[in-house]
1. Quick check on this structure: which one of 210, 250 is touching a Leu at 6+ places or on another chain (Cβ under 9 Å) and either surrounded by fewer than 20 Cβ atoms within 10 Å (Cβ to Cβ) or touching a residue at least 24 places away in the same chain (Cβ under 8 Å) (or both)?
2. Mind checking which residues of the stretch 260-313 are under 17 Å from residue 324 (Cα atoms), without any contact (Cβ under 8 Å) to a residue 60 or more places away in the chain and surrounded by fewer than 19 Cβ atoms within 10 Å (Cβ to Cβ)?
3. Among residues belonging to the stretch 235-258 that are assigned to a loop (DSSP other than H, G, I, E, B) and in contact with a helix residue (DSSP H, G or I) (Cβ under 8 Å, 6 or more places away or on another chain), point out the one that is modelled with the highest pLDDT.
4. Among the residues of the stretch 11-39, count how many are surrounded by fewer than 21 Cβ atoms within 10 Å (Cβ to Cβ) and closer than 24 Å to residue 150 by Cα.
5. Applying the selection to the stretch 109-132, what residues are at pLDDT 95 or above and in contact with a Phe, Trp or Tyr (Cβ under 6 Å, 6 or more places away or on another chain)?
6. Out of (1) modelled with pLDDT of 90 or more; (2) of a type outside the set (D, E, K, R); (3) part of a strand (DSSP E or B), the odd one out for residue 227 is which?
7. Within the stretch 134-176, track down each residue that is among the aromatic types (Phe, Trp, Tyr) and farther than 16 Å from residue 114 by Cβ.
8. Output the strands (runs of 3 or more DSSP E) that fall wholly within the stretch 68-187 and possess 3 or more residues being without any contact (Cβ under 8 Å) to a residue 40 or more places away in the chain, or say none.
Amino acid sequence: MLTEWRLLDDGIHDAHHHFAVEEAVARQLDMGQSPPTLRLRQVNPSVFIGVHQNTWEEVDVDYCRENGIQIVRRMNGGGAVYHERGSFCFSAFFPRKLFTQSDQEIYRLFAEPVIQTLADYGIVGEFGGRNDILTGNRKIYGSAQFSWYSAFVQSGTFLVNMNFKIMERSLTPHRLKFVGKTARSINERVTSLSREVGRTVDTREVMKIFSNHFASTFGVVLTPGDLSDNEQKLALELLETKYSTDQWNFGSQLDFEINIAERTEDGVISLSVELEDHVIKRVRISGDLLVNQPSILSDLEKHLIGIHVRKAEDVIKIAPLPANLVRSLTQLFRRLDIEAIDVTTTKRKEKSSWAKE
């Protein structure tokens with residue numbers, strides 16, 4: 001039996017407002033006040049930062065500000081991406097109980113309408129990695145998830161028409177991002193539908209085709225609708241108090257004694273720490289990590305404060321993290337223990353030299 005979903009194409013192009021709407025719909029869905037929804041969206045030139053990323057490390061902030069490119073932190077994980085009106089994103093909002101598949105299987109499932117859309121243009125797309133669709137060796141689609149209690153949001157980005165020069169200028173990905181890959185730059189790593197077919201493709205046309213494949217794949221009827229009054233009100237509140245604020249979008253630009261990073265199966269993980277006699281005083285865990293609950297890493301950071309670096313592993317093991325991420329963080333903190341010895345030795349030498357003077 002077919003199930004009815006709301007098709008939401010609200011025409012909001014401001015990136016900050018756009019993400020305020022995303023959170024508002026998820027919250028209202030969790031409260032039973034919003035229906036399952038497929039939201040299609042286009043934005044003005046913007047950089048979206050993954051919820052666990054350090055904006056100052058991933059984005060050329062000065063360039064974006066000088067060129068009117070908005071910077072906004074989103075609620076889901078993954079890496080920084082550049083967007084403009086030439087491409088589109090979608091978000092599917094639904095109660096998590098509607099799907100029995102695992103979160104990883106949902107990534108693959110929601111990639112199917114995109115693969116079918118590419119096929120309509122004669123392009124072969126293959127699901128690859130954790131959350132991407134590749135054509136050849138280039139990424140043409142990426143996705144991410146987040147949950148808000150009972151509500152689940154699966155989002156995807158379909159590159160149709162893109163200014164790759166501006167994309168590459170706006171983003172400053174960690175050098176480890178390209179380790180083990182043939183691509184050595186963003187321009188080599190990604191592609192668009194227009195580039196692949198050799199002509200400019202109308203983005204709205206692609207959105208319509210994708211919507212039809214989405215409805216067919218999931219056996220749903222998409223009925224055009226609007227944001228409810230409650231959704232609009234909550235979105236405006238979130239826009240003012242969260243998504244338009246520098247605190248949310250940029251965070252603190254802090255210097256740390258120790259900064260280490262490594263590429264893992266979960267992506268690039270960066271660890272920045274301030275220590276005092278091997279005790280953690282400040283810590284920041286960042287990276288293009290696909291963790292569905294946005295507060296997990298910030299909560300972990302709080303629990304690590306005041307812990308001896310060699311005891312960090314005990315704290316990590318009881319955190320509600322995927323097993324592979326626990327392993328990756330454990331390895332990173334073991335490296336940190338070695339780095340801490342070097343830093344402590346240097347400090348003692350500096351202190352001894354100062355005392356002699």
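1. Exactly one of 210, 250 is touching a Leu at 6+ places or on another chain (Cβ under 9 Å) and either surrounded by fewer than 20 Cβ atoms within 10 Å (Cβ to Cβ) or touching a residue at least 24 places away in the same chain (Cβ under 8 Å) (or both), namely 210.
2. The answer is 313, and nothing else.
3. My answer is 244.
4. Result for the stretch 11-39: 8.
5. If the condition is that a residue be at pLDDT 95 or above and in contact with a Phe, Trp or Tyr (Cβ under 6 Å, 6 or more places away or on another chain), then 111, 113, 114, 117 are the ones that fit.
6. (3)
7. First pass over the stretch 134-176, keeping only residues among the aromatic types (Phe, Trp, Tyr): 141, 146, 148-149, 152, 158, 164.
Scanning the stretch 134-176 gives 146, 148, 149, 152, 164.
8. Per the criteria, 126-128, 132-135.
The values are calculated or read from the model by the stated rules, or taken from the named source; none is laboratory data. Please read all numbers here as calculations on a predicted model, not as lab measurements. Every residue, glycine among them, receives a Cβ derived from its backbone with ideal geometry; neighbour counts consider all protein chains shown.
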